[in-house]
Amino acid sequence: MSDAPPGTGPLKGNLTEGPLTRTLLFFALPQLIGNVLQSLNGSINAVWVGQLLGDEALAATANSNILMFLLFALVFGFGMAATVRIGQAWGANDVIAARRVLGAALGLTGMISLVMATLGILFADKVLDLLATPGAAHDQALAYLRVVFIANPIATITTMIAMGLRGSGDAATPLRFMILATVLDVILNPILILGLGPAPALGIAGSAWATVIATTIGFGAMLVWIYAKDLPLRLRGAELAWLKPRWDEVRYLLSNGLPMGAQMLVISGAGVIMIGLVNREGVVTAAAYGALLQIWNYIGMPAMAIGGAVSAMVAQHIGAGREDRVDAISLSGSLTNFAMTGVLIAALAPFDRPVLELFLGATSPSVQAALHIQDLAIWTYLPFGVTIVLFGTLRAYGANYAALLVLFTSMYVVRLGAYYLLYPLLGADALWYSFVISSITSLGFTLLVYFRLPWRKRILTRIAAAADDTQPG
């Protein structure tokens, strides 16, 4: 069954059949739940570290997470490139090609992650110095980082398998084992930090070891499940040789994965710059913005989940030769995200003060500042969410450098330009208006790319050719 040759009928996990919106929602929902779980896991672990070990330890994990995010951006890029390629193979009912792509992605990223983990363990001290990690937090950050780097190869391979499965239309399997790893991580954190029961008291390294153990168990359990269920993407026997990728496969992953990873770096870099500008406005504004970021992180999650789902769906439609539905998928994803994000914003509105007080305290002057920022800037997630969804379609067609240029222009040229032009008139409010302006500009540029660049003409040509082939005589 799972070794069926190309063209023998739709495979399980096929996303080219049925009503578009319902298919998209059912596929995106597990990804959305997974995103929420990851954020909750990070938040809960931060609470454990902060409450049990203090501010210095919390600062240490924050500095360490900056480095880990850089590695994640690279994995995300290669993972999305593999997701698109696997989706195209799946749409064409070519399981063998999908397995070969997954093997190549695992081999390439596995080697990279091993090298990065080794270098990270050896040079973590110097990297923390480059980041100007405060002396009080430096030693704790070093202890934390060296352990976390041990888990990096396993975490990388787990992420690649999960993204490959999503490319084949299976979003449920990765979610199962993300739940397992998250629950274990949350439970193990206080046990290993404090040394509860027979466990040794490891301090901040205990938090890192909790992540290592949870990640390893989740990875092992997922492998057992994949082979026990004989899922189509499993590699057996001679297929394991595909873990050594051919040059054409490496070239594809590099040419598509690097710009996708760079998109993540552009977004995070813009965030770092904004934090620096916010810090100039004083402690009240900085605290208000920090609390809002905790909330806004969840507001942006539907766009990330639906954008990923759109990439996989469009890729499968390309492989199946059904590009006549691509625009409908993009429209469905955009409207669905707009509705979901709008509902989240509307649901938050009556409770924004008590939610902010959870982070800032009921008597903090930062609460009122945060409410003011919220009123001005939260709407930015509506147009920017649509941009992220349309990027899903662009990724499926390999228009990655165009998307990267859109992000760079809107987040650096437009956002910073608007900030410096408006600041003499509006003061700190220029920051929040620049968010809205750059978000609307980003959507405008994305629509221009979507409807005008050469890749669009190739779609229309192929659709017309397919229509001619179906005409009688």
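The values are calculated or read from the model by the stated rules, or taken from the named source; none is laboratory data. As the structure is a computational prediction, the values presented were derived from the model and not from experiment. Here the Cβ is made from the backbone with ideal geometry for all residues, glycine too, and neighbour counts use every protein chain on show. The accessibility values were calculated without ligands, DNA or RNA, using every heavy atom of the protein model including side chains. Shrake-Rupley method; radii C 1.70, N 1.55, O 1.52, S 1.80 Å.
Please work out if I373 is in contact with an Asp or Glu (Cβ under 9 Å, 6 or more places away or on another chain), closer than 14 Å to L292 by Cβ and open to solvent by less than 20 Å² (accessible area, probe 1.4 Å). Judged against the criteria, I373 is a match. In region 222-235, the residues that are among the charged types (D, E, K, R) reach residues that are surrounded by fewer than 16 Cβ atoms within 10 Å (Cβ to Cβ) with C-beta atoms within less than 6 angstrom, at least six apart or across chains, in these pairs: R234/Y227.
The rows are residues; the columns are (1) without any contact (Cβ under 8 Å) to a residue 60 or more places away in the chain; (2) open to solvent by 20 Å² or more (accessible area, probe 1.4 Å); (3) within 30 Å of V224 (Cβ to Cβ).
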{"site": "G237", "(1), (2), (3)": "yes, yes, yes"}
{"site": "G282", "(1), (2), (3)": "yes, yes, no"}
{"site": "Q294", "(1), (2), (3)": "no, yes, no"}
{"site": "Y298", "(1), (2), (3)": "no, yes, no"}
{"site": "P302", "(1), (2), (3)": "no, no, no"}
{"site": "A312", "(1), (2), (3)": "no, no, yes"}
{"site": "L331", "(1), (2), (3)": "yes, yes, no"}
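Considering region 68-103, the residues that are of a type in the set (S, T, N, Q) and assigned to a helix (DSSP H, G or I) include one that is nearest to the chain's Cα centre (by Cα), namely T83.
Residues that are touching a Phe, Trp or Tyr at 6+ places or on another chain (Cβ under 6 Å), of a type in the set (G, A, S) and under 24 Å from R415 (Cβ atoms) do not occur anywhere in region 309-316. Right, T159: open to solvent by less than 20 Å² (accessible area, probe 1.4 Å), modelled with pLDDT of 85 or more, within 30 Å of N14 (Cβ to Cβ) and in a helix (DSSP H, G or I) or not? Judged against the criteria, T159 is not a match.
Checking each residue in region 156-172 for being touching a Gly at 6+ places or on another chain (Cβ under 9 Å), farther than 14 Å from F78 by Cα and among the small types (G, A, S) picks out S168, G169, A171.
Within region 429-438, not a single residue is closer than 28 Å to R280 by Cβ, modelled with pLDDT of 90 or more, among the aromatic types (F, W, Y) and surrounded by fewer than 17 Cβ atoms within 10 Å (Cβ to Cβ). From the list I96, I112, I66, the one residue that fits, being modelled with pLDDT of 85 or more and under 16 Å from N152 (Cα atoms), is I112. Checked against (1) under 20 Å from A105 (Cβ atoms); (2) of a type in the set (S, T, Y); (3) buried (at least 21 other Cβ atoms within 10 Å of the Cβ), Y227 passes all but a single condition, namely (3).
Consider region 183-196 and keep the residues that are open to solvent by 20 Å² or more (accessible area, probe 1.4 Å) and touching a residue at least 40 places away in the same chain (Cβ under 8 Å). The one that is farthest from I217 (Cα to Cα) is L194. Quick one: in region 333-359, which of the residues that are open to solvent by 50 Å² or more (accessible area, probe 1.4 Å) and of a type in the set (G, A, S) is farthest from F27 (Cα to Cα)? Within region 333-359, the match that is farthest from F27 (Cα to Cα) is A349. Looking only at residues of region 329-370 that are β-branched (V, I, T) and part of a helix (DSSP H, G or I), we find that the one that is farthest from the chain's Cα centre (by Cα) is V367. Residue count for region 239-257 under the criterion of being assigned to a helix (DSSP H, G or I) and crowded, with 17+ Cβ neighbours inside 10 Å: the result is 6. Listed by position, the helices (runs of 4 or more DSSP H) enclosed by region 371-439 that each have at least 2 residues that are under 19 Å from the mean Cα position of the chain (by Cα) are 381-396, 400-408.
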